[in-house]
Every structure is written in C-alpha cells, then in structure tokens.
Amino acid sequence: MIRKISDILRRGERTYSFEFFPPKTERGLKKLFETASAFKDLNPGWFAVTYGAGGSTREFTTDIVDQLQRRFGISTMHHLTCIGHTEAELRTIIAKLKERNICNILALRGDLPEGLDYWKPTLGGLEYCYQLVDLIRSYDDFFSVGVAGFPEGHVDCPDKETDSRYLKIKIDAGGEFVITQLFFNNKDYFEYVDRVRRIGVTAPIIPGILPITDYQALLRMCTTCGATIPQRVHDIFKPLQGDAPATYEAGVEFAVEQCNELLNGGAPGLHFFTLNKLDPTREILNKIKRFR
C-alpha cells in the first residue's frame, strides 16, 4: 500500500529518500527504472520526482511517479509548482494525481524558466507557495504535503527572518514536512532549525544532500539556486578538477562526514539529490549505516 509521507515520518524513525529528475529519452527512462530498482534495496522511505521550470516536464513527472509506485510499491512524492500554471490547470493536475493514487506532493513556487530574470505570476495563477498548499488541502486529507526550506534563506528574501516567516505561513497553510535546499555547511542547517522552531514551526525538517562529483557543475548549480559554497569545499575540490576518480572519492568522504554530523545532531533523515545516479549515493548511505 502506498503510504503518505506524513504517516511515515510520524513513526519517528530515521528516513532516507531519493530524488530523481525526469529523463528526456526512452533510454534515460529505462536507466532510471533500473536505478530505482537498485535504490529500493536500500529501504527508502520514499522516492521523489522533480518538476521542470515552468512545468516543462509535468507530464513526464506524473507518469514516472505513477510507474515508480506501481513497479516498486514505494511511496513517491510528486513535485508541483505554481510557475507556469493557472489555478484551473493546477486543480486539474491535482485531481488527476488523486485518480492515480499519487498522494504525496512537494508544493513549490518553482524555479524561473530559462531566460526570465524575475517572478511574475501566470495570469489566473497563484503567486505564493502557501496558496498552492491551501489548494491541495482543499482535497480533504488525501494528500500529504511537503514544502521547501532554505537554510541560508531564499534567494529572493531580504533576510533570514523574513524567509522563516514565509516557511511558517506554508506550514500553517497545511505543509507537514520540510525538505531543504542543498547546503554544505551544517551550521546553516542547525541554525535554520533553531530559527524556525523559535517562531513555532514544529514540522520535521529534512536536510537535502547533494553528493559532489563535479566541481564545475557544482559552481553552476549553486549560482543558479543561490546556495553558498564554503571555502573548505573550494579548497578540497578545486585542485581535483579533471580528476574524476579523486573528485568522486573526496565527494563521498565529504558527504559521509556531513551526513553523520547531521544525524548525530538530530536530523530526522536525509534526502538525497541523486541526479539519477546510483552511486555515489549508495556508497555514502552504506558507509553512514556502517559507522553509526
């Protein structure tokens, strides 16, 4: 039976979840299902599938989520964004998710499509993520709803306190758990948890983990999402450019250290941005389990 993530988290056990993006080719899709099959052996709490900027992969996302649940019996979270949709379109999508027994949604405002420099709501659409949460909540209690968290503050927020208040608004609207954006300094995560707890956010806050396997790709990704790369990361990985095996090994070592510190500090679990690759996530998780 497909379970709601809120019910999984309510058990109080550490969770490990794995996020995929929709491939654009049949070959990539076949490879994704092979990868997911291997991840199933790691006993995940759930899978997750992203949603392209502006909803560019929305049909792929829904089909992949449906297939993952049918093939593997693993609860799979469907990302859903405000960007690129009218409210009427969102209602249609949500109703279709319910019809297909997709009961877990990560509600997001969404990233700007390539070429756009500022956020402008779609005519007849929703402006804020909390409005999407509220819309999903109008479908009785069928869905479990997660929201995004930003340990360093959202790139569009003027300060961390404002960002914290926005998170509380999303939780008050019906968000039940938080998946954070990637980060590489655990101090940012722990300070974030303390900050939002002080204003009344009690939902589980699950850290998002990105294994580092390519220094230049990391620079591009963090430029896009606004995450800070600590000097320590530069010091470790910049000298390894062009040496893929050494970068991989250092990335695993860095992630194992990061994950162990997070778990020892009370994180309720780990959410891995796998980039549709089995390793290094599998190796990291195996080493975490071995040494805990």
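Determine, yes or no, whether residue 117 is closer than 27 Å to residue 16 by Cβ, at pLDDT below 95, over 20 Å from the mean Cα position of the chain (by Cα) and assigned to a loop (DSSP other than H, G, I, E, B).
The answer is no for residue 117.
What is the residue count in the stretch 169-213 for residues that are touching a helix residue (DSSP H, G or I) at 6+ places or on another chain (Cβ under 9 Å), crowded, with 17+ Cβ neighbours inside 10 Å and charged (D, E, K, R)?
The number of residues fulfilling the criteria is 3.
Looking at (1) of a type outside the set (D, E, K, R); (2) in contact with a helix residue (DSSP H, G or I) (Cβ under 6 Å, 6 or more places away or on another chain); (3) in contact (Cβ under 8 Å) with a residue 24 or more places away in the chain; (4) on the phi < 0 side of the Ramachandran plot, which is the one condition that is false for residue 276?
It is condition (4) that residue 276 fails.
From (1) in contact with a strand residue (DSSP E or B) (Cβ under 7 Å, 6 or more places away or on another chain); (2) farther than 30 Å from residue 252 by Cβ; (3) not basic (Lys, Arg), pick out the condition that doesn't hold for residue 208.
Every listed condition holds for residue 208 apart from (2).
Counting only residues that are polar (S, T, N, Q), in contact with a Gly (Cβ under 9 Å, 6 or more places away or on another chain) and over 27 Å from residue 45 (Cα atoms), how many does the stretch 198-236 have?
From the stretch 198-236, those polar (S, T, N, Q) are 202, 213, 216, 223-224, 228, 231; that's our starting set.
If we keep only those that are in contact with a Gly (Cβ under 9 Å, 6 or more places away or on another chain) as well, we get 213.
Then drop every residue that is not over 27 Å from residue 45 (Cα atoms), which leaves none.
So the answer is 0.
Do you know which of the residues in the stretch 65-111 that are within 16 Å of the chain's Cα centre (by Cα) and aliphatic (A, V, I, L, M) is surrounded by the most Cβ atoms within 10 Å (Cβ to Cβ)?
107
What pairs can you find where one residue is in the stretch 223-239 and under 13 Å from residue 154 (Cα atoms), the other is in a helix (DSSP H, G or I), and their Cβ atoms are less than 9 Å apart, with a gap of 6+ or different chains?
227/221; 228/188; 228/222
Could you tell me whether the stretch 204-213 includes any residue that is in a helix (DSSP H, G or I), under 30 Å from residue 9 (Cβ atoms) and within 17 Å of the chain's Cα centre (by Cα)?
Restricting attention to the stretch 204-213, the residues satisfying the condition of being in a helix (DSSP H, G or I) are none.
Within the stretch 204-213 (the criterion being in a helix (DSSP H, G or I), under 30 Å from residue 9 (Cβ atoms) and within 17 Å of the chain's Cα centre (by Cα)), the answer is no, since none of the residues qualifies.
The values are calculated or read from the model by the stated rules, or taken from the named source; none is laboratory data. All values derive from a computational prediction rather than experimental measurement. All Cβ positions, even for glycine, are placed from backbone atoms using ideal geometry, and neighbour counts span all protein chains on display.
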